[in-house]
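Following: one structure in structure tokens, then a few remarks.
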Amino acid sequence: MAGLLVVAGTPAQAALPSLPGDLALPGDLALLQTRHSLLGVHTWYQQTYRGLPVFGGYYATHTATGAAITVDDGRKPVTGLSGTSAGITAQRTQSTVAGRLGAQPRGASLVVVPGRTATLAWLTLTPTGRGTVRSLLDAGTGAVLREESTVRQADGKGQVFDPNPVVALQDESLTDNRDKDSAALDVAYRTVPLTQLDADKTTLQGAYASPDTAVTPWACVMDWDATYYTTDTPHCLRRTDGPKVYPGDLDGEVHDDGEIWSHALWDVNRALGRVSANRIILEAQFSFAPDVTMPAAAQATVTAARDLYGPQAELATRTAFQNRGILS
């Protein structure tokens, strides 16, 4: 997550707001964004070094109405960097990336990659048929330091299953046939608007759900994909009501460990209802640091429940996390 907090350009430090009281902003920051949640204002900054963004370095302030300011300081130490002049040009970097990915990057920006010995690197974003790819190349040697796909968001329309053939047709005997087309699935297709999917919107519209049924229960997720490689019914890639607890069932794999977190959120949803649960869960995420731990995220969610809906919602939310071992 931390790698996502990168902006290009020179920091406009003169535009940085000041903080009241004894708190003062460090001087190595560039204003990234300010977000307003239901309970406060959250301002995020990009760490910089000699005018260049530090990849993954961040600083955030959270100001709640009538409450003290809290700070998340995620700045990274920058040591051993010999200079900020690139030995390889931006044009050469873009050509190298384009030759490897088969698409032209949207420019190249210099960033500082922290580490035991910091590295000057070119950052590129390349739109491809598989989504936008972010690349980090050593600015001195051209070696690829890191490369990953990102999600490209767009509005439009598409032919979809609503939400999948098993749910739409209520038939657990269907399979995805190794991703091949099948005439038996034609009646399950729908053309739908895909709206408000970009980061500038405040709500997600055009979302499609099934009623909760014994054949396709709500706690069973990604059931259509799972029809090919599971034999049990209902077919579930995973469930949000599994028995795993923290920390005993942690194995370091994000999808496996996510089952612990998702069960807690599932219990919050059932206890408080979908609308209240969603507001609490989303409000808490405004204060998540990129390196937030599961217990810290849980406590932020409990606090959001208290501030939004009072002590009963706080208790229900805390109980959900305690039942999974995330909070004591």
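Structure notes:
- Contact order normalised by residue count of region 288-328, Cα under 8 Å, 6+ apart, percent: 39
- Around Ser37: net Lys/Arg minus Asp/Glu count, Cβ-Cβ under 13 Å: 0
- Total charge dipole magnitude, region 226-328, about the Cα centre, Cβ charges on Lys, Arg, Asp, Glu only, Debye to nearest 20: 420
- Dipole of region 273-328 [Lys/Arg +1, Asp/Glu -1 at C-beta], most positive-end residue of Ala316, Phe288, Ala305: Ala316
- Taking θ as phi - 60° and the Karplus parameters 6.51, -1.76 and 1.60, the scalar couplings of region 234-242 work out to x, 6, 9, 4, 7, 10, 8, 10, x Hz in sequence order, x denoting glycine and proline.
- Three-way shape label, region 44-172, alpha-carbon gyration tensor, a/c 1.5: oblate
- Label-point separation in nm, Asp181 to Val245, each point 7 Å along Cα→Cβ: 5.1
- Relative packing of peptides 309-320, 43-54, 251-262, 137-148 - highest average C-beta neighbours within 10 Å first: 43-54, 309-320, 137-148, 251-262
- Annotation: amide H-H contacts under 5 Å for Leu32 (H modelled 1.01 Å from N, sequence separation of 5 or more, or interchain): Trp44, Tyr45, Gln46.
Read the figures in this text as sums done on the coordinates, not as results from a lab. As the structure is a computational prediction, the values presented were derived from the model and not from experiment. All Cβ positions, glycine included, derive from the backbone under ideal geometry; neighbour counts span all protein chains shown.
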